[in-house]
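To keep things clear, I will list the structure first and then write my remarks on it.
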Amino acid sequence: MTSPLFARPDIASEVRADGCLLIRSREELLTPAPGVGAMFGSAAAATPERILLAQPGADGWRELTYARAHARVESVAQSLLSRGLDRPVLILSGNSADHLVLALACQTIGVPYAPVSTSYSLRSRDFGELRAIGRLVRPGLVFAEDASAFAGALAALGESGLPPHEIVASTGMPAGATRFADLLATPPTREVRAAAAAIGPSTVAKYLFTSGSTGAPKGVITTHGMLCANQRMIGQVWPFLRETPPVLLDWLPWSHTFGGSHNTNLVIANGGTLYLDDGRPTPQEFGRTLRHLETVTPTVYLNVPRGLAMLTRSLELDPVLARRFFSRLQVVFYAAAALPQDLWTRLEELARRHADHPVALTTSWGATETAPAALSAHFPSSRADCVGVPLPGVEVKITPVRGKAEIRVRGPHVTPGYLGRPDLTAGAFDAEGYLRTGDAVRLIDPADPSAGLRFDGRLAEDFKLDSGTWVDVSALRNALLSAAGSLLSDCVITGHDRRYVGALAWAGPGLSPDPALLAAALRTVGAGAGSSRRIRRLLILSEPPCAEAGEITDKGYLNQAACLRRRAAEVAELYREPAPAHVIDVGDDPPASAHRDQHTPGAGERPAPVAD
């Protein structure tokens, strides 16, 4: 490979009199593709025989080339046009070849679609979220790959007072449903090209319902302009994609922005190949991922930190698999949650040991509302908490809020709002048109914004102790996971309106908790710190996070609020006096010489500089 992996950042910044910091890339955003369908059509014309998608089956990988996918997409697009479909398509089932063909057909002719999390459509007890989504979307067509598996969801939609809608399925056909094969058999006409030509940047591509890590799901309006601009941004800072089309093995669900917008479109925009991983970062399902890695050698590996933690442990134990994994790998990318520094170091060591070429470890920051990438760490870094600098075309405003610094974003990749919720849309933007993200950041180097920003937590997750002192949940969580290393797989922070901070945690895979080692980790976190920056008590949980209860999202990260609600009894146990024997307690106040808690600015006060 002759191209560099990353483009060098060229960052401009300005501190305003109101305390806001403006940051942007000086590099102009190049013209994006006119629509996702056009982006796909260009790739199909350039590399018709390349594999677009491979899906695991009983006899190995079932492959779909760009040419065959394009023919199927045009047929399904024509079938939708022939129906005169004037309402969106709702997709209930997970990642698959049929799902992708239907989604691309919708995006080829400008019919919005809404991919629904299988947590809502398959694993829900009462289908409450699905009913609410159905009432917002009001679909004209509902697709479920195996209708028998989604019978409960289809029945719930039928009982929700929705307008009549067609049910389409690939297998498990209920009475009155249409076979997906019938859509595939429709001969395309000139209507398809005419509809495609009418697509513009403001045309809605899909509605993505947020996973609700801090609140109820909302339907994020996602336009073709957002998606195409975001892929152009990524392509400009990852020039290696032009020379080496990406090969991905990916499990991330298409109902969310990481898998459905970032990863899938990364493949399509660059003529790459996507292998569908039917494994998950859970003890029960991760074995399938490892088996797939015996036959697939990715060039870019994208995952959430939970998945990378499980992969790292497996690669450390299996040098043969590690050598194969790193044989073609150019980039390891993580997002959706913070990566502990200890895990970063272990991944770097694996790459040094098993790769004969440089492998970059990197991340970005964004949201469903930003399609999703807004920042990218497209430069060498040794810090796991660095989420990068603004992509070309992205304007960032860092605004003092409650003693922290909220990151706000403006650009062509930002959503126009929320489906059916003008109230939420009105409150989502400030007076200058910047999206209020609710995420906090800090400068890594106060003298050099081009050194990047670090994620500083969700403003909605932080809380006050009974002393009125704010607790930085993200910082404490990351500090505990880094100090504990492989002893813990994850944790949630407690202490709202209480005297001290505590934590509920899960032991690392296959490990029995060692109270002495965990107590040492707590002391490491709290060394020289005040009450809001030290964790006094820790309780190890035996029951894993429950996806059905919303404790863990489809993307594999913890929902702090849901965990605390569901485990109120364990939180109460953590604060019992005296501490129960199974609760690790490292004592009360720190020595008198310890640093005091940082002062939290009051109304009208200017907070400390937004830097480490």
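Hey, does segment 62-82 have a residue that's on the phi > 0 side of the Ramachandran plot, modelled with pLDDT of 95 or more, assigned by TED's automatic domain parsing to the domain that holds ALA194 and not hydroxyl-bearing (Ser, Thr, Tyr)? Checked segment 62-82: no residue is on the phi > 0 side of the Ramachandran plot, modelled with pLDDT of 95 or more, assigned by TED's automatic domain parsing to the domain that holds ALA194 and not hydroxyl-bearing (Ser, Thr, Tyr).
Among the criteria (1) part of a helix (DSSP H, G or I); (2) modelled with pLDDT of 95 or more, the one SER93 does not fulfil is (1).
Close Cβ contacts (under 7 Å, 6 or more residues apart or on different chains) running from residues in segment 490-502 that are over 14 Å from GLU461 (Cβ atoms) to residues that are among the polar types (S, T, N, Q) and modelled with pLDDT under 95 comprise TYR500/SER531. Assess whether LEU517 counts as being in contact (Cβ under 8 Å) with a residue 60 or more places away in the chain and outside any loop (DSSP other than H, G, I, E, B). Considered against the rule, which asks whether it is in contact (Cβ under 8 Å) with a residue 60 or more places away in the chain and outside any loop (DSSP other than H, G, I, E, B), LEU517 comes out as no.
Rundown of residues vs (1) at pLDDT 95 or above; (2) not in a strand (DSSP E or B); (3) not assigned by TED's automatic domain parsing to the domain that holds GLY260, yes/no style:
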{"site": "ALA374", "(1), (2), (3)": "yes, no, no"}
{"site": "SER382", "(1), (2), (3)": "no, yes, no"}
{"site": "VAL387", "(1), (2), (3)": "yes, no, no"}
{"site": "PRO392", "(1), (2), (3)": "yes, yes, no"}
{"site": "VAL396", "(1), (2), (3)": "yes, no, no"}
{"site": "ILE407", "(1), (2), (3)": "yes, no, no"}
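Is segment 450-468 home to any residue that is of a type in the set (Gly, Ala, Ser), more than 21 Å from the chain's Cα centre (by Cα), at pLDDT below 95 and part of a loop (DSSP other than H, G, I, E, B)? Yes, segment 450-468 has at least one match.
Table: residues versus (1) touching a Pro at 6+ places or on another chain (Cβ under 7 Å); (2) hydroxyl-bearing (Ser, Thr, Tyr); (3) part of a loop (DSSP other than H, G, I, E, B).
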| site | (1), (2), (3) |
| --- | --- |
| PRO34 | no, no, yes |
| PHE40 | no, no, no |
| LEU52 | no, no, no |
| LEU64 | no, no, no |
| SER79 | no, yes, no |
| HIS99 | no, no, no |
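When THR295 is tested against (1) modelled with pLDDT of 95 or more; (2) part of a helix (DSSP H, G or I); (3) under 24 Å from ALA54 (Cα atoms), exactly one condition is not met: (2). The single residue among ALA46, ALA38 that is under 27 Å from the mean Cα position of the chain (by Cα) and either closer than 27 Å to VAL409 by Cα or touching a residue at least 12 places away in the same chain (Cβ under 8 Å) (or both) turns out to be ALA38. For segment 109-126, the set of residues classified as part of a loop (DSSP other than H, G, I, E, B) and either free of Cβ contacts under 8 Å to residues at least 24 places away in the same chain or more than 23 Å from the chain's Cα centre (by Cα) (or both) consists of GLY110, VAL111, ARG125, ASP126, listed by residue number.
The values are calculated or read from the model by the stated rules, or taken from the named source; none is laboratory data. Predicted, not measured: the structure shown is a model, and the values here were computed from it. Note that each Cβ is placed from the backbone with ideal geometry, even for glycine, and that neighbours are counted across all protein chains shown.
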